[in-house]
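The values are calculated or read from the model by the stated rules, or taken from the named source; none is laboratory data. Model, not experiment: these values are computed from the prediction. Backbone-built Cβ (ideal geometry, glycine too); neighbour counts: all protein chains shown. Protein only, heavy atoms only, side chains kept; ligands, DNA and RNA dropped before computing areas. Shrake-Rupley method; radii C 1.70, N 1.55, O 1.52, S 1.80 Å.
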Amino acid sequence: MDNFKIRLIEIPEVADGEVRLAAHLFSVDPYMRGRMSDAKSYIAPYQLGEAIVGGLIARVLESKAKDLNVGDYVMGRLPWQEEMVVAAEGLQKLDEKIAPLSYYLGILGMPGLTAYFGLLDIGKPQKGETVVVSGAAGAVGMVVGQIAKIHGCRVVGITGDDEKKDYLLNELHFDAVINYKTTVNLEKAIALACPSGVDIYFDNVGGEISDTVIFQISKGGRIIVCGQISLYNATSQPVGPRILQTLLARSAMMQGFTVNNYSARFSEGLKALSGWVSNGLLKYKITSYKGFDSLPEALMALFEGKNLGKLIVEI
Ligand SMILES: NC(=O)c1ccc[n+]([C@@H]2O[C@H](COP(=O)([O-])OP(=O)(O)OC[C@H]3O[C@@H](n4cnc5c(N)ncnc54)[C@H](OP(=O)(O)O)[C@@H]3O)[C@@H](O)[C@H]2O)c1
């Protein structure tokens, strides 16, 4: 918390092609932690003293842009500010009639697209296969599991909380869910939940959980390296890829990706996701914090597992 400072700033006048926005829903995401380090990554680090930038849904308060009117809701990559003046170009106008606004930050936004392309394009799930997903009750994980069910797979989730486990089993109909915090022998629990091995592992967390799952990968298995949240706060990296020999022996495929690799196909992903949401095949959960000042606490909550589904901050 001490690393954040809230400042009062002047908001400039609105010029042609610009809008003045009031923040409404902030997206809080694990990748933000990675941008708080200057380690080399696929995305540039945040700069000290500058506002954090991320997904934001905002209401238009004043407009000098031809396609946006006062009262419209827009989404963009915008700073953590309560109010701002920005160029209208690059903002996406949202339609509340299609889905609740918060869905555009979750299932019909970056996390939903990550689940869709990661699982379908890299994992290529086949009917009857077993899919294990870690971070299963999060914004990405809960969509992965449901899309795998739509494709006729057996789905095993890994989470760190019994309430989340109940939700995944009872509401989303996962076939088995393991609580990694209370399970004494994770290896045995995975073997019991996956009697015919792990055909696809969708990795959101990395570390020991992934190490344990990957040792049980099936011949021809696919490992989708989506996130490594268990390592984001680590001050030194664990040594040695213990699992590589296993990949070799099982001819298993492991691939990392970022959702932006698929930007040219986002409309295809959104069409499929919206279809599944509107016919009830995909359900979604939002965990919401209230008020601008709660942004740092909300970011921390991701690393303490306090969210079920997509974490947002509502103004
Ligand atoms: N490749 C891409 O383009 C892309 C795009 C989006 C997200 N991601 C990655 O995908 C992962 C999930 O993102 P998300 O937005 O859906 O977040 P999320 O799962 O909604 O939130 C994070 C969750 O991670 C779990 N977690 C936190 N610390 C952990 C630890 N040490 N070990 C195991 N689990 C831990 C917690 O759930 P529990 O209560 O179950 O522990 C927490 O609720 C992240 O690693 C993120 O960086 C990648």
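Karplus-derived 3J(HN,Hα) values for segment 308-315, using 6.51 cos²θ - 1.76 cosθ + 1.60 with θ = phi - 60°, are 10, x, 6, 8, 9, 10, 9, 9 Hz; glycine and proline are entered as x. For segment 97-192, the gyration tensor built on C-alpha atoms gives an oblate shape. Its axis ratio a/c (a ≥ b ≥ c) is at least 1.5, and a/b is not larger than b/c.
Of the cross-linked pairs Lys149/Lys290; Lys164/Lys188; Lys64/Lys283; Lys188/Lys271; Lys5/Lys66; Lys127/Lys271, those separated by over 31 Å at the C-alpha level are Lys149/Lys290; Lys64/Lys283; Lys188/Lys271; Lys5/Lys66. Which residue, Ile224, Ile214, Ile98, has the most motion in a Gaussian network model of the chain that connects Cα atoms within less than 10 Å? Sorting by GNM fluctuation, first place goes to Ile98. Proximity of backbone amide H atoms, modeled 1.01 Å from N, is registered between His24 and Ile57, Ala58, Arg59 at under 5 Å, excluding neighbours fewer than 5 places apart on the same chain. Per-residue Karplus couplings for segment 90-95, computed as 6.51 cos²θ - 1.76 cosθ + 1.60 with θ equal to phi - 60°, are listed in order as x, 8, 9, 6, 9, 10 Hz, Gly and Pro entered as x. In this structure Asp16 has an accessible area near 140 Å², from a 1.4 Å probe over the protein heavy atoms. Computed over the alpha carbons of segment 187-266, Rg followed by Dmax gives 13.7, 41 Å. Which values of log₁₀ I(q)/I(0), to two decimal places, follow from the Debye formula for the chain at q = 0.10, 0.13, 0.14 Å⁻¹ with a uniform point scatterer at every Cα? Cα-only, vacuum Debye calculation for the chain: -0.59, -0.96, -1.09. Rolling a 1.4 angstrom probe over the protein heavy atoms with all chains in place gives segment 204-290 an accessible area of 57 Å² per residue. In segment 158-315, Cα pairs under 8 Å separated by at least six residues give a relative contact order of 15 percent.
Remark: relative contact order (the chain) = 17 percent; criterion is Cα-Cα distance under 8 angstrom and separation of 6 or more residues.
The calculated 222 nm mean residue ellipticity attributable to helices in the chain amounts to -6000 deg cm²/dmol, summing -39500 (n - 2.57) over DSSP H runs of n ≥ 4 and dividing by all residues.
Ranking Leu56, Leu192 from most to least accessible surface, computed with a 1.4 Å probe over the protein chains only, gives Leu192, Leu56.
All other residues whose Cβ lies under 13 angstrom from that of Cys194 are scored, Lys and Arg at +1 and Asp and Glu at -1, for a net of -2.
Simple spin-label estimate for Asn179 and Asp16 gives 6.2 nm between the two label positions (7 Å along the Cα-to-Cβ direction from each Cα).
Less than 5 angstrom separates the built amide H of Met254 from those of Ile223, all sequence-distant by 5 or more or on a different chain. Per residue, the accessible area of segment 34-89 comes to 60 Å² when a 1.4 Å probe rolls over the protein heavy atoms. Rounded to whole numbers, the Karplus 3J(HN,Hα) couplings from phi for segment 249-255 are 4, 9, 6, 8, 10, 10, 9 Hz, using 6.51 cos²θ - 1.76 cosθ + 1.60 with θ = phi - 60°, and x at Gly and Pro.
Distant-in-sequence amide contacts of Tyr289, defined by a placed amide H-H separation under 5 Å and a gap of 5 or more residues or a different chain, comprise Ile312, Val313, Glu314. For Tyr31, the accessible area of its heavy atoms, probed at 1.4 Å with every protein chain present, is near 40 square angstrom. Tyr116 sits among other residues whose Cβ lies under 11 Å from its own Cβ, and their net charge, with Lys and Arg +1 and Asp and Glu -1, is 0. For segment 1-132, the Stokes-Einstein estimate of translational diffusion at 37 °C and a viscosity of 0.692 mPa s comes to 193 µm²/s, using the Kirkwood hydrodynamic radius over alpha-carbon pairs. The mean sequence distance of close C-alpha pairs (under 8 Å, at least 6 residues apart), as a share of the length of segment 1-72, puts its relative contact order at 39 percent.
The share of accessible area on the chain that comes from carbon and sulfur is 51 percent, using a 1.4 angstrom probe. Normalised by 2.2 N^0.38 Å, where N is the number of residues, the alpha-carbon radius of gyration of segment 1-55 equals 1.40.
Specify whether the C-alpha gyration tensor of segment 136-195 places it in the rounded, prolate or oblate class, a ≥ b ≥ c being the square roots of the eigenvalues: rounded for a/c under 1.5, otherwise prolate if a/b is larger than b/c and oblate if not. Oblate, since a/c reaches 1.5 and b/c is not below a/b. Between Val156, Gln47, Pro238, the Cα set farthest toward the positive side of the dipole of the chain (charges on each charged residue's Cβ, about the Cα centre) is that of Val156. When both bridge partners sit in the chain, DSSP labels roughly 45% of those beta bridges antiparallel.
A 1.4 Å probe run over the protein chains yields, for segment 108-192, 38 Å² of accessible area per residue, whole-number rounding.
Overall, the anisotropy analysis places segment 167-315 in the prolate class: the square-rooted eigenvalues a ≥ b ≥ c of its C-alpha gyration tensor yield a/c not less than 1.5, with a/b exceeding b/c.
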